[in-house]
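Engineer: Would you mind keeping the following structure in view while I ask a few things?
The values are calculated or read from the model by the stated rules, or taken from the named source; none is laboratory data. Not measured: the values here are computed from a predicted model. We place every Cβ from the backbone using ideal geometry, glycine too, and count neighbours over all the protein chains shown. For accessibility, only protein heavy atoms count, side chains too; no ligands or nucleic acids. Shrake-Rupley method; radii C 1.70, N 1.55, O 1.52, S 1.80 Å.
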Amino acid sequence: NPVSHKTSQRDFFESCGIQDLIRSTLDGFAAVVFAYGQTGSGKTFTMSGKEQQIDNGGFRSPETDGLIPRSLSYLYAQIHAAKKEEREYNVSSSYMEIYNEQVFD
């Protein structure tokens, strides 16, 4: 499906393929999500969500949560569902932003 400026965060999450990527990590594969583009093109909003909400103490808005909070919620829901299989998971993740040639992590 084409993505446009009218695509909701939820629709993008469900159509971009990241759920398949997350499920593959539960089978032991490593995964990377990389966003790049022009300044002002919406990378921060797509990945994190609404900046004002992040600055005010966190995520958890179904309308504006980006890929990162949605992915973590999805990952932990999958881990919780797998408890029946008596599997054990070690989770580690990192987030890095490069903006104007400066690294923020």
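Engineer: Which of (1) part of a helix (DSSP H, G or I); (2) over 18 Å from Gln78 (Cα atoms) is the odd one out, the single condition Ile22 does not satisfy?
Structural biologist: Every condition holds for Ile22 apart from (2).
Engineer: Another question, then. For Phe59, all conditions in the list (1) at pLDDT 85 or above; (2) open to solvent by 60 Å² or more (accessible area, probe 1.4 Å) hold save one; what is the number of the exception?
Structural biologist: Here Phe59 meets the rest and fails (1).
Engineer: Counting only residues that are part of a helix (DSSP H, G or I) and in contact with a Phe, Trp or Tyr (Cβ under 6 Å, 6 or more places away or on another chain), how many does region 68-105 have?
Structural biologist: So the first thing to find is which residues in region 68-105 are part of a helix (DSSP H, G or I), and the list is 68-85.
From the residues that got through so far, the ones that are in contact with a Phe, Trp or Tyr (Cβ under 6 Å, 6 or more places away or on another chain) too are 69-70, 79.
Residues meeting the conditions: 3.
Engineer: Among what's in region 81-105 and is in contact (Cβ under 8 Å) with a residue 12 or more places away in the chain and farther than 16 Å from Phe29 by Cα, pick the residue that is most open to solvent (accessible area, probe 1.4 Å).
Structural biologist: By that ranking, first place goes to Tyr95.
Engineer: Among the residues of region 68-80, write down those that are open to solvent by less than 60 Å² (accessible area, probe 1.4 Å) and without any contact (Cβ under 8 Å) to a residue 24 or more places away in the chain. Give the derivation first.
Structural biologist: Applying the first criterion (open to solvent by less than 60 Å² (accessible area, probe 1.4 Å)) to region 68-80 yields 68-71, 73-75, 77-79.
Pro69, Ser73, Ala77 - these are the residues of region 68-80 that are open to solvent by less than 60 Å² (accessible area, probe 1.4 Å) and without any contact (Cβ under 8 Å) to a residue 24 or more places away in the chain.
Engineer: Please go through region 1-50 and give me each residue that is among the aromatic types (Phe, Trp, Tyr) and without any contact (Cβ under 8 Å) to a residue 12 or more places away in the chain, ordered by number. First the steps, then the outcome.
Structural biologist: Going through region 1-50, the residues among the aromatic types (Phe, Trp, Tyr) turn out to be 12-13, 29, 34, 36, 45.
Listed by number, the residues that qualify are Phe29, Phe34, Tyr36.
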